[in-house]
Amino acid sequence: IACSSVTGDGVDDLRAALDAMVGSAPPPPQDERPRQFVDRVFTIRGAGTVITGTLTGGPLQGGREVEGYPTGLRARIRGLQTHKRAVDTARPVSRVAANLAGTPREDLERGDVVGLPGQWRPTSVFEARIRPIRGIEAPLSNRGAYKVHAGAAERDARIRFLGATSARAPDGAYARVRLSGPLVLDVGDRFVVREVGRRRTVAGGVVLDPEPPARPGPEAGPR
């Protein structure tokens, strides 16, 4: 949809198209494992620690015990808000603020995930399909220095392409990604790859296996 932020031409058409797309989207699942991707942590006087982030997968209920990943923190949900309205149950896919009882602010940080206890196992190694962006000057190589952005988290990453030494646009390649710290990932999750040296986005990817088996060769070290 052609539009201009200078003249405003086409902006109404863009709004209408976005409304139509959202209106025709399938309802979000209600029976999967909830994940709240934490992007802010702060303290409200008289209330305690509050986290905000996008909820996916399934609902969260007030009064329930939750776990913070990857730290293993346990807490109880004292109250929930979604789009500035207090709710007993927060539904996916929505922005959620959760007030956690008895939880110091320092125990959580941006990039953590909050979900139900024992439902997730953070991983530092996963396999994915990675596709470089259109117009990239050179293929991505095994020797590059990268960062992976998934959910609200950022991790340094080493990428080893499977059956190749590089990935070219637009087809991309399968790869094993080794992270500097664990993330909570699921099959089908999407992520962004940025190049450290030039500080630019170079690729996107989709998670195929968050707990891949050991492979022979240089990637067969401990998980």
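Assorted remarks:
- The stretch 174-193, subset out of contact with any Gly (no Cβ under 9 Å at 6 or more places or on another chain) and surrounded by 17 or more Cβ atoms within 10 Å (Cβ to Cβ), residue farthest from residue 70 (Cα to Cα): 176
- Odd one out for residue 94 among (1) in contact with a Ser or Thr (Cβ under 8 Å, 6 or more places away or on another chain); (2) without any contact (Cβ under 8 Å) to a residue 60 or more places away in the chain; (3) crowded, with 17+ Cβ neighbours inside 10 Å; (4) not basic (Lys, Arg): (3)
- Among the residues of the stretch 13-50, the ones that are closer than 30 Å to residue 102 by Cβ and either more than 21 Å from the chain's Cα centre (by Cα) or among the polar types (S, T, N, Q) (or both) come to 9 in all.
- Residue 113 vs. criteria among the β-branched types (Val, Ile, Thr), in contact (Cβ under 8 Å) with a residue 40 or more places away in the chain, out of contact with any helix residue (DSSP H, G or I) (no Cβ under 9 Å at 6 or more places or on another chain) and within 30 Å of residue 199 (Cβ to Cβ): yes
- In summary, strands (runs of 3 or more DSSP E) completely within the stretch 1-110 and bearing 1 or more residues that are closer than 19 Å to residue 151 by Cα occur at 35-44, 48-56, 65-69, 73-82, 94-101.
- Residue within the stretch 129-138 that is surrounded by fewer than 16 Cβ atoms within 10 Å (Cβ to Cβ), over 19 Å from the mean Cα position of the chain (by Cα), without any contact (Cβ under 8 Å) to a residue 40 or more places away in the chain and outside any loop (DSSP other than H, G, I, E, B) present: no
- Test set (1) of a type in the set (Gly, Ala, Ser); (2) open to solvent by 60 Å² or more (accessible area, probe 1.4 Å); (3) touching an Asp or Glu at 6+ places or on another chain (Cβ under 8 Å) - residue 214 fails condition number: (3)
- In this structure, residue 172 does not satisfy being in contact with a strand residue (DSSP E or B) (Cβ under 7 Å, 6 or more places away or on another chain) and at pLDDT 95 or above.
- Residue 171, sole failed condition from (1) over 21 Å from residue 68 (Cα atoms); (2) of a type in the set (Asp, Glu); (3) surrounded by fewer than 17 Cβ atoms within 10 Å (Cβ to Cβ); (4) in contact (Cβ under 8 Å) with a residue 60 or more places away in the chain: (4)
- Test: residue in the stretch 23-31 that is in contact with a strand residue (DSSP E or B) (Cβ under 9 Å, 6 or more places away or on another chain) and among the small types (Gly, Ala, Ser): no
- Matching residues, the stretch 56-91, being under 30 Å from residue 23 (Cβ atoms), out of contact with any Lys or Arg (no Cβ under 7 Å at 6 or more places or on another chain) and surrounded by 15 or more Cβ atoms within 10 Å (Cβ to Cβ): 60, 62, 80, 81, 87, 90, 91
- Screening the stretch 1-52 for residues that are under 30 Å from residue 107 (Cα atoms) and polar (S, T, N, Q) and picking the one that is surrounded by the most Cβ atoms within 10 Å (Cβ to Cβ) gives 36.
The values are calculated or read from the model by the stated rules, or taken from the named source; none is laboratory data. The structure displayed is predicted, hence computed values, not measured ones. Neighbour counts are summed over all protein chains in view; Cβ atoms, including those assigned to glycine, are modelled from backbone coordinates with ideal geometry. Surface accessibility is based on the protein's heavy atoms, side chains included, excluding ligands, DNA and RNA. Shrake-Rupley method; radii C 1.70, N 1.55, O 1.52, S 1.80 Å.
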